[in-house]
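Here, each number is a calculation from the coordinates, and none is a lab measurement. What you see is a predicted model, and the numbers here were worked out from it, not measured in a lab. As a convention, Cβ positions derive from the backbone with ideal geometry for all residues, glycine included, and neighbour counts pool all protein chains shown.
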Amino acid sequence: MGNINIKKLALELNLSTATVSRALGDSYQISSETKRKVLELAKSLNYEPNPIASNLRNQKSKTIAVIVPEVANHFFSLAINGIEEIARKRDYHVLIYQTHENSEAEIAFTLKLLSGRVDGILISTSSGETNNKQHLIEASQSIPVVFFDRVYEDIEGVKIITDDYESSYQAVQHLIDSGCKKIAYLLALHNLSTGEKRSNGYLTALKDNGIPFNEDFVVTSTPNQDENYALIKNLLTYYKPDGILSSIEELAFPCYYACRELDLNIPRDIKIISFSNLDCAPLLNPSLTTITQPAFEIGSEAASALFKIFDKKYFEPNETRILKSVLIKRESTAV
């Protein structure tokens with residue numbers, strides 16, 4: 001049958017090459033039944049491992065990859081700083097990849113990194129419209145992967161996140177306590193659990209305070225900034241909310257611009273609060289009330305978790321660590 005390699009074994013068994021490779025390496029991630037099938041077929045076909053390839057696989061690259069949507073986003077730049085601080089202590093290099101919220105780019109980067117170029121991956125997933133998670137499943141089965149901030153709940157792996165639901169609930173409660181009765185929500189990241197939790201926090205806070213939900217008060221963001229501005233201006237013009245919660249900082253600025261154009265006073269006519277790690281939030285006029293995530297600590301925790309996996313420290317396959325965000329009250333929600 002010619003040379004039998006892992007690819008041929010995988011094809012024969014209808015498994016991924018990563019699964020076959022791990023089964024042959026007696027990985028704890030592969031079930032005993034799958035290992036048995038792989039080993040039986042390998043034996044019957046006289047498969048012999050390539051010692052050079054095995055040695056290459058066993059060598060450490062001393063490099064980790066970080067895949068993020070956007071380096072310019074202040075949250076991710078802080079998270080990368082946290083990752084780099086931990087990596088530097090371990091004498092590891094850090095490769096950074098930006099997806100620009102493009103799912104195809106994320107897939108290409110992830111699959112490219114499985115060739116042995118890096119020892120592990122830290123990833124915050126893009127919000128691009130796709131249901132294709134196969135690359136993430138394959139990656140997590142092939143090399144150590146830690147997910148941070150933006151995660152898929154249904155993919156196995158260590159996850160470092162913040163208390164998005166509680167933070168969103170607290171923000172809406174703060175708007176209500178400040179006198180708001182018509183609270184709009186600027187929705188983003190809706191295909192990720194991060195966005196879903198923030199939306200649920202908003203909805204539950206309204207319900208708990210006896211405020212009926214109005215779908216006209218929800219603006220769903222698009223990749224186009226001009227379109228987002230037009231949607232927000234339309235919301236303010238026709239539906240006249242007295243409070244806004246923005247689920248990402250990129251939607252907070254258009255609120256300020258639209259209010260200025262419509263001659264609306266913040267916070268007298270409308271109060272605004274946003275998830276944001278912006279350094280300039282206190283310098284805006286008026287200063288912006290924010291839900292500030294512990295971005296540096298999230299990066300640091302994610303990198304620490306990855307190195308613990310390298311050191312073969314025990315982890316639950318689906319362990320999730322939740323770090324708390326902080327509501328910082330400023331002038332944009334003043335009474």
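By the rule of a C-alpha distance below 14 Å, with chain neighbours fewer than 8 residues away ignored, the aspartates and glutamates paired with K159 are D149, E297, E301, E316, E319. Annotation for K43 and R88: the two label points, set 7 Å from Cα along the Cα-Cβ direction, are 5.2 nm apart.
The Cα trace of the chain gives Rg and Dmax of 23.5, 79 Å, the first to one decimal, the second as a whole number. Taking label points 7 Å from Cα along the Cα-to-Cβ direction, K181 and L262 give a separation of 1.8 nm. Label sites at E297 and T320, each approximated as a point 7 angstrom past Cα along Cα to Cβ, lie 1.9 nm apart.
With a Förster radius of 22 Å applied to the beta-carbon distance between D311 and I155, the computed FRET efficiency rounds to 0.45.
Let me check against my output: what whole-number percent is the relative contact order of the range 88-183, with C-alpha pairs under 8 Å and at least 6 apart? Numbers along the way, then the final one.
Values: 82 pairs, mean separation 20.0, N = 96.
Reported relative contact order: 21 percent.
Tell me which of Q134, N228, V218 sits at the most positive position along the dipole axis of the chain, charges placed on C-beta atoms (Lys, Arg +1; Asp, Glu -1). Highest projection toward the positive end goes to Q134. By the helix-only formula, in which each DSSP H run with n ≥ 4 contributes -39500 (n - 2.57) and the sum is divided by residues, the chain has a 222 nm mean residue ellipticity of -12500 deg cm²/dmol. Placing +1 on each Lys and Arg Cβ and -1 on each Asp and Glu Cβ, with no other charges, gives the chain a dipole about its Cα centre of roughly 980 debye. Taking Cα centre as origin and charging only the Cβ of basic (Lys, Arg, +1) and acidic (Asp, Glu, -1) residues, the dipole magnitude of the range 194-335 rounds to 420 debye. Using Cα pairs under 8 angstrom and six or more residues apart, how large is the relative contact order of the chain, in percent? Normalised by residue count, the contact order of the chain is 18 percent. What separates the Cα centres of the range 260-324 and the range 156-198 is a distance of 11 Å. Applying both filters, DSSP loop and at most 11 other Cβ atoms within 10 Å, to the GluC sites (Glu not before Pro) of the range 101-164 gives E129.
Please report L245, L189, L114 as a ranked list, fewest other C-beta atoms within 10 angstrom at the top and most at the bottom. Display every interim value, and only then the final one.
Values: L245 29, L189 24, L114 17.
In order of increasing Cβ crowding within 10 Å: L114, L189, L245.
Projecting the alpha carbon convex hull of the range 209-335 along each direction and taking the average yields 10.6 nm². Of the trypsin sites (Lys or Arg not before Pro) in the range 285-334, the ones in a loop by DSSP (not H, G, I, E or B) with at most 15 other beta carbons within 10 Å are K312, K313, K324, K329.
Rounded to the nearest 0.05, what FRET efficiency do E101 and R36 give with R0 = 30 Å and r taken as the Cβ-Cβ distance? Could you check?
Working: r = 43 Å, r/R0 = 1.42.
Working from the Cβ atoms, E equals 0.10.
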